[in-house]
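I have placed the structure first, in the form of structure tokens, so that the comments after it can refer back to it.
No value in this document is a laboratory result; all are computed from the given coordinates. None of the values given here were measured: they were computed from a predicted structure. Every residue, glycine among them, receives a Cβ derived from its backbone with ideal geometry; neighbour counts consider all protein chains shown.
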Amino acid sequence: MDYRQIAKKPQRRRAAMRERMKVGLVSISDRASSGIYEDKGIPALKAWLDKALNSPWEVNERLIADERNLIENTLIELVDREQCDLVLTTGGTGPALRDVTPEATLAVADKEMPGFGEEMRRISLNFVPTAILSRQVAVIRKQSLIINLPGQPKAIQETLEGVRAADGSVTHVGIFAAVPYCIDLIGGPYIETHPEVIKAFRPKSAIRPATDQT
């Protein structure tokens, strides 16, 4: 099926007060998708979200090859049919010929969110100078936020959570601090995080009384 056709069908309106966030996780790798080695991207993303989120969530997983049309169709499917509020991809963001995740992501976008990509590279530059070769982007499609993340589990955590000093204090805030409020603004559910992992930032006027989902 070509999921570009989904966008042409009437869309069911997302319930304004739906509280369970739907997350799409997409690992993009020729070798992992063909079984040459075990995928580590999706397990790393799930493990981090498990410890970071203090709100109910459910997941849709996809392990696919580095094929631009396949990536585009997968993103469209997760947003248009599965109605994911957040889609996180991992892999395919470097300068190699087969790295086409950013191009596929931009192709399905309604709006680009360049601050996410800029900040991801700044965070990674704390660790490796080759972070300037990364081409991650983030976009809005309909009422969903799509973010390209690095391919390595350690880099995924650093990008989402930020940089910590030896005593555990945060020296560079991770990008996920801005994700819950972005989802608010595009009509998604209200998401809370465990502040010891990542503290979600919202303007005071947008903060609801805290709840304990644990």
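In table form, for the structure just shown:
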{"item": "Length-normalised contact order of the stretch 19-206 in % [C-alpha pairs under 8 Å, at least 6 apart]", "result": "23 percent"}
{"item": "Under 5 Å, built H, 5+ apart or other chain: amide partners of Cys84", "result": "Val79"}
{"item": "Pairwise label distance in nanometres, Glu118 with Glu38, each label 7 Å out on the Cα-Cβ vector", "result": "4.0 nm"}
{"item": "Tail beyond 22 Å, pair distance distribution of the stretch 70-179 (Cα, percent)", "result": "30 percent"}
{"item": "The stretch 19-127, relative contact order [Cα under 8 Å, separation at least 6], %", "result": "33 percent"}
{"item": "Computed FRET value (nearest 0.05) for Ile186 with Ala96, which takes r as the C-beta separation and R₀ as 45 Å", "result": "0.90"}
{"item": "Other-chain or far-sequence residues with amide H under 5 Å of His172's (modelled H)", "result": "Val163"}
{"item": "Charge tally in the Cβ shell below 15 Å around Leu63, where Lys, Arg are +1 and Asp, Glu are -1, Leu63 excluded", "result": "-3"}
{"item": "Other-chain or far-sequence residues with amide H under 5 Å of Ile186's (modelled H)", "result": "none"}
{"item": "Arg202 versus Ile132: modelled label distance in nm, points set 7 Å from Cα along the beta carbon direction", "result": "3.9 nm"}
{"item": "Charge dipole of the chain about the Cα centre (unit charges at C-beta), most positive-ward option of Pro95, Val59, Val128", "result": "Val59"}
{"item": "Euclidean distance between Cα centres, the stretch 114-128 to the stretch 23-93, Å", "result": "20 Å"}
{"item": "Expected 222 nm ellipticity per residue - DSSP helices of 4 or more, -39500 (n - 2.57), all of the chain, to 500", "result": "-7500 deg cm²/dmol"}
{"item": "Sites matching chymotrypsin sites (Phe, Trp or Tyr not before Pro) across the stretch 102-188 that sit in DSSP coil, with at most 13 neighbouring C-beta atoms within 10 Å", "result": "Phe127"}
{"item": "The chain - charge dipole about Cα centre, Lys and Arg +1 at Cβ, Asp and Glu -1, debye rounded to 20", "result": "580 debye"}
{"item": "Summed residue charge, Cβ within 11 Å of Pro43's Cβ, Lys/Arg positive, Asp/Glu negative", "result": "-2"}
{"item": "Under Karplus coefficients 6.51, -1.76 and 1.60, residue-wise ³J(HN,Hα) of the stretch 93-104 in Hz, glycine/proline x", "result": "10, x, x, 5, 4, 7, 7, 10, 4, x, 4, 5"}
